[in-house]
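Derivation of every value follows stated rules applied to the coordinates shown; laboratory data play no part. The model shown is predicted, which means the values in this text are computed figures rather than measured ones. Every residue, glycine as well, gets a Cβ built from its backbone with ideal geometry; the counts of neighbours run over all protein chains shown.
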Number of protein chains: 2
Amino acid sequence: MTESTSPALDVALAYHHAWTGHDLDKAMTYIADDIVCDAPAGRLEGAAAYRDFMGPFVQILTGSELVAAFGDDQQAVIMYDTETVPVKSAPGAECVTVKDGKITRSLFIFDRAPFDAARKAQASAAT
Amino acid sequence: MTESTSPALDVALAYHHAWTGHDLDKAMTYIADDIVCDAPAGRLEGAAAYRDFMGPFVQILTGSELVAAFGDDQQAVIMYDTETVPVKSAPGAECVTVKDGKITRSLFIFDRAPFDAARKAQASAAT
């Protein structure tokens, strides 16, 4: 795993370590009130929408491993694998822009397909 | 967009510019014969399997935009958005390990859900 240091990366990693440590309150201290995040399901605007997006994921998170982390003054990229209750390996990538110690922009990439499949399997098992 | 320079990033970007320019033959010159790539659908082993994975994607690619690119001596991360025939915005992230000028390991992340949805829509339109 590679970790260099940069102002943006410091914030991205602090945020990452907080949410992967199940401390969503602390993670949200690094998220700007007016964050704009392009996530797989669409654009999220504002910290409340962002928290609603991350909250359920943090609840099903059982493990994580950082794969790569790079950044410069304003931008950072982190890639990681996560282990969740429904999906055993769910890697993700985030590209964040940081201003004044907070994440103002985020491009959030992960594959929704295995989560969709797990939901369908659960739904059919319930009927 | 951020671009720093590093030996691994130089290779990652040359590979990226080749395939986003529809030159899969040139892109493959940066792929090691024994590449191991963890892609959304599972692990790909060897250059032939990797080409079979990228080929159909390059054929439906209509545009791309680099979002971020970072690297060090051995590892690079690139994030980008792509425009494809079935999906208008399909962002992707790749974390690659480079040895002797070739990509030997890759973690490839994108969301399969919109491609699955487009396939289903096309299948139901055809019936």
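Residues that are under 23 Å from B:G92 (Cβ atoms) and more than 9 Å from every other protein chain (Cβ to nearest Cβ): find the helices (runs of 4 or more DSSP H) completely inside segment A:1-115 holding 1 or more of those.
Details: elements: A:7-20, A:24-28, A:47-60.
Fully inside segment A:1-115 and qualifying: A:7-20, A:47-60.
Looking for something more than 12 Å from the chain's Cα centre (by Cα) and touching a residue at least 40 places away in the same chain (Cβ under 8 Å) - is there at least one such residue anywhere in segment A:45-63?
No, segment A:45-63 has no match at all.
Within segment A:111-125, is even one residue within 27 Å of B:F115 (Cβ to Cβ), touching a residue at least 12 places away in the same chain (Cβ under 8 Å) and in contact with a Leu (Cβ under 9 Å, 6 or more places away or on another chain)? Break it down stepwise before answering.
Taking segment A:111-125 and keeping what is within 27 Å of B:F115 (Cβ to Cβ), we get A:111-125.
After this cut, where a residue has to be touching a residue at least 12 places away in the same chain (Cβ under 8 Å) as well, the list is A:111-112, A:114-115, A:118-119, A:122.
Checking which are in contact with a Leu (Cβ under 9 Å, 6 or more places away or on another chain) leaves us with none.
Looking for residues that are within 27 Å of B:F115 (Cβ to Cβ), touching a residue at least 12 places away in the same chain (Cβ under 8 Å) and in contact with a Leu (Cβ under 9 Å, 6 or more places away or on another chain), one finds none in segment A:111-125, hence no.
If you take the residues of segment B:69-98 that are under 21 Å from B:A8 (Cβ atoms) and of a type in the set (G, A, S), which of them is surrounded by the fewest Cβ atoms within 10 Å (Cβ to Cβ)?
Looking at the filtered set, the residue picked out is B:G92.
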